[in-house]
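K.L.:
Supplied in structure tokens, the structure appears directly below.
The values are calculated or read from the model by the stated rules, or taken from the named source; none is laboratory data. No experiment lies behind these values; they were computed from the predicted model shown. Reconstructed Cβ throughout: ideal geometry from the backbone, glycine too, with neighbour counts over all protein chains shown. Quick note on the areas: whole protein, heavy atoms, side chains included, nothing else; ligands and nucleic acids left out. Shrake-Rupley method; radii C 1.70, N 1.55, O 1.52, S 1.80 Å.
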Amino acid sequence: MELESADDVALADKMNAGRKAIIAELQKQIVGQAEVIELVLLTLFVGGNSLIVGVPGLAKTLLIATLAKVVELKFNRIQFTPDLMPSEITGGIALLPDEQGHTRATYQAGPIFTQLLLADEINRATPKTQSALLEAMQERTVTAAGRSMPLPRPFFVLATQNPIEMEGTYQLPEAQIDRFLFKSVLAFPSEEELDSILDLTTGAAQAVPAQVLTVDDILAGQRLVRSVPIASHVRRAVARFVRRTQLENPDVTADVKRYIRFGISPRGAQSLVLAAKGHALLRHRYNVSFGDLRAVLRPTLRHRFQLNFEGEADQVDAEALLTRLFEDAIRDSA
């Protein structure tokens, strides 16, 4: 691909330099978790939302709060709890005195009116409360008090989730989980990483991360990502692969028919292509390859591809099945 102008070339260079600089700043406070950091940065440049899963104490919240400082985003945090109400997220009507001392019904904006929203322990709230994020995550608007209001740009939801086996958690509704570009899984640190964490966090001095990119840089980067081309045969392979995850497709494999509850949605296919475009551009390549799709396949689709009861009982590896279907679609496109 040839970038359209010298400004595009300069912006691509700035995005690549910014990616490396952000990682360096985050590593002042975060030890390890390189894959999760890469996916969070990709979320920013693609313009999506991310779900980060892990047990408490793995620095999920610290990672997101530090990122907000590094990229100069307005940041709000909502701690999700079982008694959290939707209006505590989106805001609502309140009776407030005006300048003349008269009481008037006034809309009070909730914490969702920000640029980077941390939905902390999102699955500790009820599905009704979780659904308050649906419109914001997809349309970047909030409808309340009879009117639709745009959210600041850019707008991201970075949510942390405790493993669903833990007490006091709820399943995320399928409609909401499909709105997350990525689902990242934090691994417990190795012995060496844990030793580094103890050294970093229990000393007297704490490193302060520096700002690397501005809001305008992020918005410009998002526009450039969408301009990255994808060859027609690569795009068609994605379409073929997604169709092969659908139970109503007469050509599905026996494994899909037997073990899958539901397959990848069109939104999932869109997310896969956009994530691959961002992956290519942040590595100074200006077209989408099958390698880019492979790199983002599992984090983009693992939460959109669910096993049925028989698949769970037989302990089927859903991600391995997903990868096999993808490779078969690529082979058939050759």
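K.L.:
Considering only helices (runs of 4 or more DSSP H) fully contained in the range 25-98, which possess at least 2 residues that are more than 18 Å from the chain's Cα centre (by Cα), crowded, with 21+ Cβ neighbours inside 10 Å and of a type outside the set (Asp, Glu)?
P.N.:
87-90
K.L.:
Here is a follow-up. Among (1) open to solvent by 20 Å² or more (accessible area, probe 1.4 Å); (2) modelled with pLDDT of 85 or more, there is one condition Ala334 misses while meeting the rest; what is its number?
P.N.:
Result: Ala334 fails condition (2) only.
K.L.:
Taking interchain pairs and intrachain pairs at least six residues apart, which have beta carbon atoms under 9 angstrom, with the first residue in the range 169-189 and open to solvent by 20 Å² or more (accessible area, probe 1.4 Å) and the second part of a loop (DSSP other than H, G, I, E, B) and of a type in the set (Asp, Glu)?
P.N.:
What qualifies is Thr169/Glu121.
K.L.:
May I ask you to list pairs of residues, at least six apart or on different chains, whose Cβ atoms are under 6 Å apart, with the first in the range 281-305 being among the polar types (S, T, N, Q) and in a loop (DSSP other than H, G, I, E, B) and the second being modelled with pLDDT under 95 and open to solvent by 40 Å² or more (accessible area, probe 1.4 Å)?
P.N.:
Hits for this filter: Asn287/Met1; Asn287/Pro229.
K.L.:
If you don't mind, another one. Looking at the range 317-331, which of the residues that are assigned to a helix (DSSP H, G or I) and open to solvent by 70 Å² or more (accessible area, probe 1.4 Å) is nearest to Glu174 (Cα to Cα)?
P.N.:
Looking at the filtered set, the residue picked out is Arg324.
K.L.:
Now, a different point. Restricting attention to the range 264-274, does a residue exist that is outside any helix (DSSP H, G or I), open to solvent by less than 10 Å² (accessible area, probe 1.4 Å) and more than 30 Å from Gly221 (Cβ to Cβ)?
P.N.:
There is no residue in the range 264-274 that is outside any helix (DSSP H, G or I), open to solvent by less than 10 Å² (accessible area, probe 1.4 Å) and more than 30 Å from Gly221 (Cβ to Cβ).
K.L.:
Right, here's the next one. So for the range 227-238 (the condition being over 23 Å from Gly47 (Cα atoms), of a type outside the set (Lys, Arg), outside any helix (DSSP H, G or I) and open to solvent by 50 Å² or more (accessible area, probe 1.4 Å)), does at least one residue qualify? Please lay out each step first, then the result.
P.N.:
So in the range 227-238, the residues over 23 Å from Gly47 (Cα atoms) come out as 232-233, 236-237.
Narrowing the set further to residues that are of a type outside the set (Lys, Arg) leaves 232-233, 237.
Add one more test, that the residue is outside any helix (DSSP H, G or I), and what stays is none.
No: the range 227-238 contains no residue that is over 23 Å from Gly47 (Cα atoms), of a type outside the set (Lys, Arg), outside any helix (DSSP H, G or I) and open to solvent by 50 Å² or more (accessible area, probe 1.4 Å).
K.L.:
Scanning for something modelled with pLDDT under 90, assigned to a strand (DSSP E or B) and on the phi < 0 side of the Ramachandran plot, does the range 306-316 turn up at least one residue?
P.N.:
Scanning the range 306-316, I find at least one residue that is modelled with pLDDT under 90, assigned to a strand (DSSP E or B) and on the phi < 0 side of the Ramachandran plot, so the answer is yes.
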